[in-house]
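Bear in mind these aren't lab numbers, they're just calculated from the coordinates by the rules spelled out. Values in this document were obtained by computation on a predicted structure and should not be read as measured data. Virtual Cβ from ideal backbone geometry, glycine too; neighbours counted across all protein chains shown.
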Amino acid sequence: MIHPYAYLVGSFIFLVVWLFLFLIRKDLRKEMLILSFIGGALFPLALIYLPDYWYPDHILGSYLLGIEDYIFAFAIAGIGAVAYEVVFGKTHTLCECRKQSPKRILSIAIVSIIILLSLTFIFKMNSIYSSFVAFLLIFAYIMYFRRDLFWQAILSGFLVAGLMLLFYQIWILMYPNIIQHWWKLENISGILILGVPLEEIIWGFNWGIVGGTIYEFARGVNSKNLRNIRRNK
């Protein structure tokens, strides 16, 4: 192993960001926890990226999955869920939007996972690009019912993508050449933005447009200025 602790350190950096957001916004804690535990539960999907996208070191060495995968999935899910509200000073309010049933949310999630796996293992699409398709499918589904969430989704996407880019600037300084060691650049575009694979930034954007709106879509709520709500109380 070249960098046995790098993935763990990187995951903890995201967890620190998650904890900061959790502490400063009590009103968003429920959303963060729900999305984080769902994201954590889906961490085995990290396996699909190993054959063709990257191959990180884990502290346990020989195992394909590690605690690092869970921590990252848990943290980035919660961060993506509330980044928009925190940065732009928003909170949730009830709207006339229809609350979605858990069965409907589960159905679109299952369909997206099936498409992800099919594109990757049957049609041999690179796993990172398959994940883009899966994210965009969920995004399109949300927009079909909740077009009012469009700009929230886009801004959430840019925020998560920006966070990913900033994180990598720090991480690459700590672990020079880690991108060349772990990422299979020959299988993807090979384009680096400030040393970061373009696909990592796009992945962050795609998660942001989904994670930043899925809670509002499921619960039938929207976002309003926190300052105005406090003023009216």
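Can you give the helix-only mean residue ellipticity at 222 nm for the chain, where every DSSP H stretch with n ≥ 4 adds -39500 (n - 2.57) and the sum goes over all residues, rounded to the nearest 500 deg cm²/dmol? Walk me through the intermediate numbers first.
Working: 10 runs with 150 residues, N = 233.
Here the helix-only value at 222 nm equals -21000 deg cm²/dmol.
For the chain, just say rounded, prolate or oblate: build the C-alpha gyration tensor, square-root its eigenvalues into a ≥ b ≥ c, call rounded for a/c under 1.5, and beyond that prolate if a/b exceeds b/c, oblate if not. Before the final figure, lay out each step's value.
Values: a/c = 1.97, a/b = 1.46, b/c = 1.35.
Verdict is prolate for the chain.
Provide the gained length on full extension for the span residue 173 to residue 101, in nm with one decimal, where the gain is 0.36 nm per separating residue minus the Cα-Cα distance.
Contour length minus the Cα-Cα distance gives 21.4 nm.
Take the cross-link list 26/103; 26/90; 30/90; 124/184 and give me the ones stretching past 18 Å between alpha-carbons.
26/103
What is the local net charge at residue 97, summed over the other residues whose Cβ is closer than 12 Å to its Cβ (Lys, Arg +1; Asp, Glu -1)? Can you show the working numbers first?
Working: positive: 98, 99, 146, 147, 219; negative: 96, 148, 216.
Local net charge: +2.
Would you tally the net charge around residue 156, using a Cβ to Cβ cut-off of less than 13 Å, leaving residue 156 out, and scoring K and R as +1, D and E as -1?
Result for the neighbourhood of residue 156: -2.
Cβ neighbours within 10 Å, averaged per peptide: list 164-170, 80-86 in order, most packed at the top.
Top to bottom by mean Cβ count within 10 Å: 80-86, 164-170.
Using packing as a proxy for protection, rank 106-117, 146-157 so that the peptide with the highest average count of other Cβ atoms within 10 Å comes first.
146-157, 106-117
Given 0.36 nm per residue, what is the gain on full extension from residue 42 to residue 30 after removing their alpha carbon distance, in nm?
2.5 nm
Just want to confirm a number: the relative contact order over the range 6-232, from Cα pairs under 8 angstrom separated by 6+ residues, in percent. Before the final figure, lay out the partial values.
Values: 295 pairs, mean separation 66.7, N = 227.
For the range 6-232, the relative contact order is 29 percent.
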